[in-house]
Structure formats: structure tokens, C-alpha cells
Amino acid sequence: MPVNLHGRNVIALEDFAPSELRFLLALAKDLKAAKRGGFERKQLTGKTIALIFEKDSTRTRSGFEVAAYDQGAHVTYMGPSGSHIGQSETVKDTARVLGRMYDAIEFRGFAQADVEVLARHAGVPVYNGLTDESHPTQILADFMTMREFTHKHLSDIRFAFMGDGRNNMARSLAVGAAKLGMKLRIGAPAAVHPEPKFIDTIAAICGETGASVTFETDARAAVRHADFIYTDVWLSMGEDSARWGERIELLRPYQVNAALMAATGNPFTKFMHCLPSFHNAETKIGRDIEKRFGISAMEVTDEVFESASSIVFDQAENRMHSIKAILVATLG
């Protein structure tokens with residue numbers, strides 16, 4: 001069946017049919033090949049895109065900017081203090097202003113409700129660059145990367161997510177895996193499993209697609225036979241830094257280290273992370289954590305992060321290619 005995403009918002013993966021997600025992944029693959037081969041065709045010449053960032057970013061900002069420039073579009077970056085949104089002007093009013101000036105709007109911030117309001121009132125495609133609940137552009141890059149590092153179809157891939165089972169990455173991976181018939185185990189303490197309503201929603205999608213998404217408290221059981229192990233930071237941007245101690249205590253058993261990688265029983269298991277990562281004490285936060293808690297790595301050890309099994313920088317590059325697919329599909 002033909003897929004037409006022209007004019008569509010990209011707010012959450014729940015809004016897309018499996019065939020539409022597969023279409024975006026195939027388009028991202030083609031666009032990556034075109035860029036690398038030197039035969040990319042500009043399909044967005046003359047388009048303008050507003051980039052709203054309540055939360056700073058490296059990969060999301062550069063991904064949108066380079067993807068737009070490659071395709072002939074122009075962007076306006078609005079940082080945390082670069083617009084009136086949510087402070088002296090409502091999100092709804094901002095949407096109606098920007099929608100008259102731009103062909104599309106990207107939003108990276110805190111509340112899922114804000115990006116949904118933008119989408120309802122802008123009159124142009126709106127893209128979720130990250131909220132506290134969802135990170136759809138990251139998941140497309142992740143699944144694109146998985147396809148590059150295994151001969152398996154997506155529906156045959158087994159992977160594990162380790163850490164906070166209710167954060168935006170765990171939730172988005174669960175939705176994406178369920179939609180595409182994949183096998184995902186989320187290794188997390190029961191205290192940070194998502195709410196029953198979300199688990200029931202995922203189970204219902206799995207019933208339609210044949211996927212398997214389960215929540216495990218045993219870290220070794222969660223990674224058994226995994227083709228990929230995925231993790232994320234233990235405390236998200238914007239959360240109270242006073243909570244580092246409790247998070248470290250709670251999630252330390254789920255750290256991705258050499259022993260956990262070996263526990264898969266699969267010598268070809270790859271390591272994934274959406275970045276940034278606290279794998280050493282070479283950052284300001286890393287040094288502070290080492291001083292306060294006596295550990296030099298948190299969610300993943302430096303040994304694993306820097307190993308041949310790590311494909312985190314392939315993921316990072318693919319943010320740009322998958323974002324480009326979204327722009328071309330919705331604006332081209």
C-alpha cells in the first residue's frame with residue numbers, strides 16, 4: 001500500500017502505522033546512501049523550519065540543521081531564551097505566529113502537551129525533538145542503526161534496554177518495538193517500571209503485530225540472547241540533581257559492563273546509547289559524581305563504551321539521516 005506522509009506531524013510513534021515507520025526507515029537508508037554517494041537531490045529548496053529548544057542538544061539540533069541544509073531548506077534556531085514560548089506568550093499563540101511564517105516547526109522541551117498544542121494550532125508539520133514522554137526521531141535512528149549491524153529483519157531482532165524503565169527512551173523504544181514486531185526486554189527495578197495503563201497499551205499493540213515487550217527486574221535475564229543492549233543516563237536533563245544518589249543506588253545493578261555484555265551469550269551483541277553518556281569522569285558532571293559517590297562511570301563503563309561492540313556514534317550520525325527522512329516525507 002502506498003505511503004503518503006505529506007503534511008503529517010511527528011509527535012509520537014503511537015500515531016504511525018507499522019508500514020509508515022518502515023517507509024521512513026527505508027527513506028532514511030536511501031537518503032544516507034545518496035549523501036555518501038554524492039548524488040543527493042535537494043527536495044526542500046525554499047522551505048523554512050523553526051527549531052524551538054527548551055532543552056539544549058547536540059545531536060537533535062545538528063541533526064535537524066544539517067538535514068535541512070542538505071535538502072536546501074533554511075532553519076531558525078530558538079534556544080531556551082530565544083523566544084517567548086510558555087513565558088510571556090502561550091504555546092497556542094506561538095504556534096499560530098510561527099505557522100504563518102514557517103513551513104514546519106521542531107520542538108524539544110519538557111511537556112508532551114506543549115508539542116501537541118503546537119501541532120493542533122500551527123497549521124504546518126510539527127516534529128517532536130524530545131519531550132519528557134517521547135523521543136520519536138531517536139527511535140527511528142536507533143532502528144536504522146540496528147538494521148545496519150545485523151542481517152536480521154527487525155521482527156527477528158532481540159534487544160534489551162537497561163535502566164529507568166519509565167523514562168522517555170524506554171517508553172519510546174517499547175512503542176517502536178511493539179509497532180514493528182520486535183522482541184524487547186526492559187531491565188529495570190520494579191520501582192521504575194511504567195504505569196499499568198502504558199504496559200497494557202503496549203501489550204495490545206504486541207497482540208496485533210506479534211511483538212514481545214516485557215519488563216524484567218533481573219538484569220542478566222533481560223539481556224539473554226540480545227542482539228543489542230541499549231541504555232540511557234540515570235537522571236534526565238531537568239530532573240533534580242539532588243536525586244543522583246538514589247538513582248545510582250537504584251540502578252547500579254543495571255549498569256552495562258563487560259560482565260553484562262557477556263551475559264547475553266551472544267559474542268556479536270552491540271552496545272547502544274542515545275548520548276550524552278556518563279562513561280567516565282571527564283565531564284563536569286562526571287567529576288562531581290566521582291567526587292561525591294566514588295564511581296567513575298554510571299550507566300555504562302568506559303570499557304564497553306569504547307569497545308569494538310559500541311555503535312553509539314553510528315547511532316549519532318543516523319539521527320541526521322532519519323530526521324532528513326522525516327523532513328522529506330512531510331515537506332518534500
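No value in this document is a laboratory result; all are computed from the given coordinates. Everything numeric here is computed off the predicted structure, so don't read it as measured data. Methodologically, a virtual Cβ is constructed for each residue, glycine included, from the backbone with ideal geometry; neighbour enumeration extends over all protein chains shown.
Listing THR214, THR58 from fewest to most neighbouring C-beta atoms within 10 Å gives THR58, THR214. Rounded to the nearest 20 debye, the dipole magnitude of the chain is 740 debye, with +1 charges on Lys and Arg beta carbons, -1 on Asp and Glu beta carbons, and the Cα centre as origin. Amide H contacts of TYR230: ALA160, PHE161, MET162, MET272, each under 5 Å away and 5 or more positions distant or on a separate chain (H built 1.01 Å from N in the peptide plane; Pro and chain starts excluded). Rounded to the nearest 20, the size of the Cβ-charge dipole of the range 150-310 about its Cα centre is 240 debye, with Lys and Arg at +1 and Asp and Glu at -1. Angle between the Cα long axis of helix 312-331 and the longest principal axis of the chain, 0 to 90 degrees, nearest 10? Once rounded, the angle reads 30 degrees. Translational diffusion of the range 150-310 was estimated from the Stokes-Einstein equation, with Rh taken as the Kirkwood radius over Cα pairs; at 37 °C and 0.692 mPa s the coefficient is 205 µm²/s. Near HIS135, the amide H atoms lying under 5 Å from its own belong to SER172; only residues 5 or more places off or on other chains count, and H is placed 1.01 Å from N.
Would you calculate a helix-derived [θ] at 222 nm for the chain, using -39,500 (n - 2.57) for each DSSP H run of n ≥ 4 and dividing by the full residue count, to the nearest 500? Provide the component values of the computation, followed by the final result.
Values: 13 runs with 145 residues, N = 332.
Calculated mean residue ellipticity at 222 nm is -13500 deg cm²/dmol.
Candidate cross-link partners of LYS284 among the lysines, defined by an alpha-carbon separation under 22 Å and a same-chain spacing of 8 or more, comprise LYS55. The angle separating the long axis of helix 136-148 from the principal Cα axis of greatest extent in the chain is about 60 degrees. Electrostatic tally near LEU173: other residues with Cβ closer than 10 Å to its Cβ, Lys and Arg +1, Asp and Glu -1, net -1. A simple packing score, the average count of other Cβ atoms within 10 Å per residue, orders the peptides 276-282, 297-303, 140-146 as 140-146, 297-303, 276-282, with the highest score first.
Relative to the longest principal axis of the chain, what angle (0 to 90°, nearest 10) does the C-alpha long axis of helix 196-209 take? The angle comes out near 80 degrees. Residue ranges 251-264, 104-117 sort as 104-117, 251-264 when ordered by packing (mean number of other C-beta atoms within 10 Å per residue, highest first). How many percent of all Cα-Cα pairs in the range 30-167 sit more than 28 Å apart? I get 27 percent for the Cα pairs in the range 30-167 exceeding 28 Å. Taking the structure as given and computing semi-axes √(5λ) of the Cα gyration tensor in Å, which label from (1) 37, 23, 18; (2) 27, 21, 20; (3) 31, 23, 19 fits? Checked against the structure: label (3).
Each of VAL233, SER19, SER62 was scored by the projection of its Cα onto the charge dipole of the chain, and the greatest displacement toward the positive side belongs to SER19; charges sit on the C-beta of Lys, Arg, Asp and Glu. Charge tally for ASN128 (other residues, Cβ to Cβ under 13 Å; Lys, Arg +1; Asp, Glu -1): -4.
For the residue pairs LYS197/LYS270; LYS92/LYS179; LYS179/LYS270, the C-alpha atoms sit more than 27 angstrom apart in LYS197/LYS270; LYS92/LYS179.
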